[in-house]
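Below is one structure; the comments refer to it alone.
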Amino acid sequence: EATAIDVVLNQTPTVRILGHVTSALTGQWITNPGITLRRVGADDALSVGAAVALSLDQRGGFELSGVAPGAYDLVAEADEDGKHLIGRRLVPVGEESITNLDVLAVPPKKWTGRIRLVNGDPVAEDILSRIRIEAEPRDDLAPSASASPEPDGAFELELAPGETYDIYVRNLPEDAYLASAAAAGVNLISSGADLNPGATPEPMQLGLSLSGAGATGVVLNDDRTVAPGVNIDLVPDPPAGRYQAFQQSYADEYGNFHLTGIPPGKYIMIAWAGEAPCDIYDPGSLPACRAAGAEVTFREGERETVTLRLAHP
């Protein structure tokens, strides 16, 4: 129990943001756009949505009122001619209202690519027929995209310009993993796929390895009895630039678990039930993850046997 918790609210002056959303297709103002305003954190990461009032006029103008000083990300969306348009502006707000803010809403752009094995050979037809290539935006306001490859491995993704995407390949065979993703010499696995507005990107080249590492093991309680049905998290260490390497699984009724298709590298393996001992996707929580789990290094094609102790929050 906690008592005597006082919250003091200070008066803060607010301002207005007035502007228009312009369609990149027609060059005209969009009369009924969706507008979202979110505060930007100190590290430029988006946080919670701002509690502001939105009003639209018949000529396509918008007004956001009750905006406190700070840095914001303004996102405008609309559907036009069967296409979903999205635009965004970073808006620093001070003590004075902002007028005549123009946000350009653009349709998604096509980014072509091809998927092959890391040695350059084509991917077998039975693998191509079931895999799906997905692009997940790092900003939760942006749309995701996915595509099934053609028989020759070619694919096409429609991505929102100005957004950064992480590339995944789903429904892979047990030992396979995405080993490389590049365009114009840029490593897209570490940096993400960033489609600049107005640019025609170089084709994306994805490389699959069929020799991923694997892990089998058992989870034990403090009294060395097996821990059935618990969560298993595989966390790359360090996680930066290795988002595709995260894995989650469960122990069976005998406490046994099995992980496959692990990219080579250093990891933390954590077994937990109920409340997680750390936030596996937060780099700042990595020391807590290390304390709760076991550190394991995987090499290409190797199998490791791991015994995990059930972590406690």
Contact order normalised by length for the chain, with contacts defined as Cα pairs under 8 Å and 6 or more residues apart; what percent is it? 12 percent
Counting only protein heavy atoms with a 1.4 Å probe and every protein chain in place, the carbon and sulfur fraction of the accessible surface of region 90-161 in whole percent equals 46 percent
Exposure rank, largest accessible area first [Tyr72, Tyr250; 1.4 Å]: Tyr250, Tyr72
Sparse-neighbour loop sites [GluC sites (Glu not before Pro); region 74-140; at most 15 other C-beta within 10 Å; DSSP]: Glu95, Glu96
So what are the ³J(HN,Hα) numbers for region 176-184, from phi and the Karplus equation (6.51, -1.76, 1.60; θ = phi - 60°), rounded to whole Hz, Gly and Pro as x? 8, 8, 6, 8, 8, 8, 8, 8, 6
The answer for region 1-86, accessible area per residue at 1.4 Å probe in Å², is 63 Å²
Using a 1.4 Å probe on the protein chains only, how many percent of the accessible area of region 1-88 belongs to carbon and sulfur? 48 percent
Other-chain or far-sequence residues with amide H under 5 Å of Leu85's (modelled H): Ala78, Asp79, Glu80
Are there GluC sites (Glu not before Pro) in region 145-201 that DSSP puts in a loop and that have at most 14 other Cβ atoms within 10 Å, and which ones? Glu174
Cα-based Rg / Dmax (Å) for region 122-162: 12.3, 36
How big is the gap, in Å, between the Cα center of region 163-191 and the Cα center of region 206-284? 20 Å
Counting only heavy atoms of protein chains, what accessible area per residue, in Å², does region 177-242 have with a probe of 1.4 Å? 40 Å²
Between Ala145 and residues 5 or more places away or on another chain, which pairs have amide H atoms under 5 Å apart, with H built 1.01 Å from N, and which residues are they? Ala135
³J(HN,Hα) across region 282-290 via Karplus (A = 6.51, B = -1.76, C = 1.60, θ = phi - 60°), whole Hz, x for Gly/Pro? 9, x, x, 8, 4, x, 5, 5, 4
By a straight-distance test (C-alpha under 28 Å), which lysines pair with Lys83 as possible cross-link partners, with residues fewer than eight away in the same chain excluded? Lys109, Lys110
Once both label points are put 7 Å beyond Cα along the C-beta direction, the Glu295-Asp152 separation in nm becomes 4.8 nm
If I take every Cα pair under 8 Å that is 6 or more residues apart in region 1-92, average their sequence separation and divide by the length, what percent do I get for the relative contact order? 29 percent
J(HN,Hα) series, region 249-259, from Karplus relation 6.51 cos²θ - 1.76 cosθ + 1.60, nearest Hz, glycine and proline x: 8, 9, 7, 7, 5, 9, x, 8, 9, 8, 10
What trypsin sites (Lys or Arg not before Pro) in region 266-313 are in a loop by DSSP, with at most 16 other Cβ atoms within 10 Å of the Cβ? Arg299
Whole-percent tail of the Cα-Cα distance distribution for region 50-150, cut at 18 Å, equals 64 percent
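The values are calculated or read from the model by the stated rules, or taken from the named source; none is laboratory data. All values derive from a computational prediction rather than experimental measurement. Cβ: placed from backbone, ideal geometry, glycine included. Neighbour counts: every protein chain shown. The protein model used for the area step is the full one, side chains on, heavy atoms only, and it has no ligands, DNA or RNA in it. Shrake-Rupley method; radii C 1.70, N 1.55, O 1.52, S 1.80 Å.
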